[in-house]
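Only the coordinates and a few stated rules stand behind these numbers; no lab work does. Here the structure is a predicted model, which means the values were calculated and not measured. Cβ sites come from the backbone with ideal geometry, for glycine too, and all protein chains shown count toward neighbours.
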Amino acid sequence: DAKTTQPTSMDCAEGRAANLPCNHSTISGNEYVYWYRQIHSQGPQYIIHGLKNNETNEMASLIITEDRKSSTLILPHATLRDTAVYYCIVRDNTDKLIFGTGTRLQVFP
Amino acid sequence: DTGVSQDPRHKITKRGQNVTFRCDPISEHNRLYWYRQTLGQGPEFLTYFQNEAQLEKSRLLSDRFSAERPKGSFSTLEIQRTEQGDSAMYLCASKVADTHYEQYFGPGTRLTVT
């Protein structure tokens, strides 16, 4: 079973920041938080991952709380092409990804 | 394009027929994964290989399913005696082993069993 809970859906205005929350209260000390997204009818696309420090790359920022029980994915300037299902995944050392049902983000003009 | 490729992209078959899908991973990636995704759900892990060795199989992988990676490069997933419940998107992913790098996914093969 997935170790994360996410809201089912969210809306965001184009150009605004999209903040996608994720709860992972049972995360273990050596487990990483990964974010993927899936645009309709395509394979999942990696976004970012982190252990305990905040991370930023060209796509997004990942903020992990100090107790590591939750995190937030931030898309700083959402565009229509960011409309997708976003998956927050806690990855253990077995290397397989356990997906939940994700958050459906709708970016509107 | 040097990403993960899958063939075919779409397959329609009649119940009871056998089907085989192919996945070509990124060339330097020694781990290869198969996932299945049904409508409205996230992908579910099926199995994975390190080089040619199949290291783990999910309980979702019934005895009608078999996966191979004979030379540690491309992989095939075969479903025998297909059932309507096998209708799904079958996704392949690859990565470099023993790192916290990401899995790269292919575009998937959509199977419809009529």
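Mind running the shape call on chain B? Use the C-alpha gyration tensor, a ≥ b ≥ c as the square roots of the eigenvalues: rounded below 1.5 for a/c, prolate if a/b tops b/c, oblate otherwise. In terms of gyration-tensor shape, prolate.
Each of B:Thr82, B:Thr2 was scored by other Cβ atoms within 10 Å of its Cβ. Listed from fewest to most, they are B:Thr2, B:Thr82.
Return the loop-located GluC sites (Glu not before Pro) in the stretch B:55-114 (DSSP other than H, G, I, E, B) with at most 13 other Cβ atoms within 10 Å of their own Cβ; answer none if there are none. Answer in residue order: B:Glu83. Over the Cα atoms of the protein assembly as shown, Rg to Rh with Kirkwood Rh, two decimal places? Taking Rg over the Kirkwood Rh, I get 0.98. For the stretch A:60-108, the square roots of the Cα gyration tensor eigenvalues, ordered a ≥ b ≥ c, give a/c of at least 1.5 with a/b no greater than b/c, which places it in the oblate category.
Between amide H atoms placed 1.01 Å from N, distances below 5 Å from A:Met10 occur with A:Arg104, A:Leu105, A:Gln106, all of them 5 or more places distant or on a separate chain.
Using Cβ counts within 10 Å as a stand-in for footprinting exposure, how do A:Phe99, B:Phe65 rank, fewest first?
Ascending number of Cβ neighbours within 10 Å: B:Phe65, A:Phe99.
Around the Cα centre of chain A, unit charges on the Cβ atoms of Lys, Arg, Asp and Glu (plus for the first two, minus for the last two) sum to a dipole of about 120 debye. Peptide A:44-53 is shielded by partner chain Cβ atoms: per residue, an average of 3 of them sit within 10 Å of its Cβ.
Pairs of C-alpha atoms in the stretch A:1-100 farther apart than 17 Å represent 48 percent of all such pairs. For B:Glu56, nonlocal amide neighbours, meaning residues 5 or more places apart or on other chains whose placed amide H falls under 5 Å from its own, are B:Tyr48.
What is the count of Lys pairs in chain B whose alpha carbons sit under 24 Å apart, if the two are 8 or more places apart or on different chains?
The number of close lysine pairs in chain B is 4.
Averaging the sequence gap over all C-alpha pairs within less than 8 Å and six or more residues apart, then dividing by the number of residues, gives chain B a relative contact order of 37 percent. On a C-alpha basis, how far is the centre of the stretch A:1-32 from the centre of the stretch B:84-114 in Å? Whole number, if you could? Taking the Cα centre of the stretch B:84-114 as reference, the centre of the stretch A:1-32 is 22 Å away.
Put a dot 7 Å past the Cα of A:Thr94, heading toward its Cβ, do the same for B:Ser62, and the two dots end up 2.1 nm apart.
Among B:Val4, B:Val19, the ranking by other beta carbons within 10 Å of each residue's beta carbon, starting with the fewest, stands as B:Val19, B:Val4.
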